[in-house]
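One structure is given below, encoded as structure tokens.
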Amino acid sequence: MQENKPTLSYNAAAMEEAAQIMQIRARGERPLAFVHSYGCQQNVADGEKIKGFLEQMGFSFTQEAEEADFILFNTCAVREHAEDRVFGNVGALKNIKRRHPSVIIALCGCMMEQPHVAQRIQRSYPYVSLVFGTHVIHRFPELFLQALTSGHRVFSRGEEDEDHQIHEGLPIHRDGSVKAWVTVMYGCNNFCSYCIVPYVRGRERSRSPEAIQEEFEGLVRAGYKDITLLGQNVNSYGKTLPSPVSFAELLRRLDQVPGDYRIRFMTSHPKDATHELIDTIASGTHISHHLHLPFQSGNDRILQEMNRHYDREKYLSLIRYAKEKIPDLSLTSDVIVGFPGETYEEFLDTVSLIREVGFTSLFTFIFSPRQGTRAASMPDPVPAEEKSRWFQELCAVQEEIAAARCQAAVGTVQRVLVEEEGKYKGMLAGRTDGNVIVDFPGPASLIGSFVPVKITQARNWILTGEWLSGGNKEI
Ligand code: SAM
Ligand code: SF4
Ligand code: F3S
């Protein structure tokens, strides 16, 4: 059971003092911050909290690192490629620091919870003055103040006793005005054998349903139209609360909030996804008919080696139930190719599962060994080039499926939430309930509305359509 520890707040006095120092340093102008979050939506949501602090300290935001007074990379550790990108980009900051010695360079996020990474930063990147991990975001104002005033580089990772605490009441600077994230739980207990997340985000802890509902209602009032509930395994939401609440119950509560909006959630873990959850989606008013349910592999031996706690048949039977209850359900998933010891025949089970389910889209990854995880020390005899061929083979199959699904949508009328202006002048970009992108011509005044769009063309996985502007503007 989750202990009743006080939720963490932040040090407002430190924030005030840092704000004053920055004001003096910026000579009366608003100081500028460049903040970039890598990785998953959870990290983006964390980045919005740090931006909330910075905004309260008087910062404005810039997309140009070169002109910033403060540069922050919020990092991701999930694959080697993600880490390499961060190291490459941090290396490039050396020249900016040389040209603007007063700029403060900081790194935070999942990579920084790994001791070997923090050590490498300490050793090889002396111009980085502040490094902090995912567990100490609430301490940002005082850490920033220390970096400004102590004359030392500041390093802070989660202490043991902070692992079970929840950050409530932090300011948030949301990047958009149509889509928003609400973190419902932190951490992960699953220890899938390939995954670094439990090591860098700690054990599962759920926010109280009351705190979530308050934030959610605020977003609906503020006019947000697409609200995604976030957690690494949302289906185990609430199990550790003093009065346990299931994720399906939480969804039903939020669905009752009056307004014109759509609820999404991610990520669901197949081992904990229930018929109750599917029934809740089916009977909901605002819950999008989209389920992101990562299966990772279609082969039972590999699933067991991955420590996923379900098998192919359990996954497929859940999908069959979901399709029966929600015929227009859009399914998306994550898959890993080339897990250590995977054979070509085992890989083909993944391909056949993809064909059987017919996903709208897939996030496909080649296995990347993560230091400290069980899979990183498993024998991995298949050469990288071979894995790469399997990967291409799988992507080709999925492209074929996605193209056929998109083609089948031609001629239908979809309820599209208009998110932004499109790439080309006069075009708008939005998303269907099933999370498929639709481009269509229309006025920018439609941004933020749900409109009927007749699909006229499918190009790979992007749809093009016409806004049915007669009658009601919105649907
Ligand atoms: N919690 C989610 C779940 O269990 O489905 C996903 C979290 S993870 C941030 C997102 C995806 O990254 C995973 O679903 C998996 O496909 C992929 N991933 C995680 N670790 C990986 C690794 N070591 N190599 C390749 N892909 C990995
Ligand atoms: Fe990683 Fe597995 Fe947790 Fe997802 S459920 S974050 S893949 S350990
Ligand atoms: Fe997300 Fe990457 Fe961390 S995927 S939880 S930012 S390791």
Would you pick out the residues in region 59-96 that are open to solvent by less than 20 Å² (accessible area, probe 1.4 Å) and assigned to a loop (DSSP other than H, G, I, E, B)?
Phe59, Thr62, Ala68, Cys76, Ala77
Checking the conditions here, which among Gly109, Gly151 is within 15 Å of ligand 3 (Cβ to nearest atom) and at positive phi?
Gly109
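Going by the conditions given, is Arg253 among the basic types (Lys, Arg), over 20 Å from the mean Cα position of the chain (by Cα) and modelled with pLDDT of 95 or more?
Criteria met by Arg253.
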Which listed residue, of Ile336, Ile263, Ile326, Ile302, is touching a residue at least 40 places away in the same chain (Cβ under 8 Å) and under 23 Å from the mean Cα position of the chain (by Cα):
Ile336
Of everything in region 385-431, what is within 21 Å of Phe365 (Cβ to Cβ), small (Gly, Ala, Ser) and in contact (Cβ under 8 Å) with a residue 12 or more places away in the chain? Give them in sequence order.
Ser388, Ala402
Total residues in region 197-255, condition touching a residue at least 60 places away in the same chain (Cβ under 8 Å) and acidic (Asp, Glu):
1
Restricting the search to region 194-225, which residues are open to solvent by 30 Å² or more (accessible area, probe 1.4 Å), charged (D, E, K, R) and under 18 Å from Lys239 (Cβ atoms)?
Arg203, Glu210
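Residue-wise test of (1) under 22 Å from Leu291 (Cα atoms); (2) assigned to a strand (DSSP E or B).
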site	(1), (2)
Arg415	yes, yes
Val418	yes, yes
Lys425	no, no
Gly430	yes, yes
Asp439	no, yes
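The values are calculated or read from the model by the stated rules, or taken from the named source; none is laboratory data. Only a predicted model underlies this, so the values are computations on that prediction, with no experimental measurement involved. Glycine also receives a Cβ, built like all others from the backbone with ideal geometry; neighbour counts cover every protein chain displayed. Ligands, DNA and RNA are stripped out before the accessible areas are found, and what is left, the full protein with its side chains, is counted by its heavy atoms. Shrake-Rupley method; radii C 1.70, N 1.55, O 1.52, S 1.80 Å.
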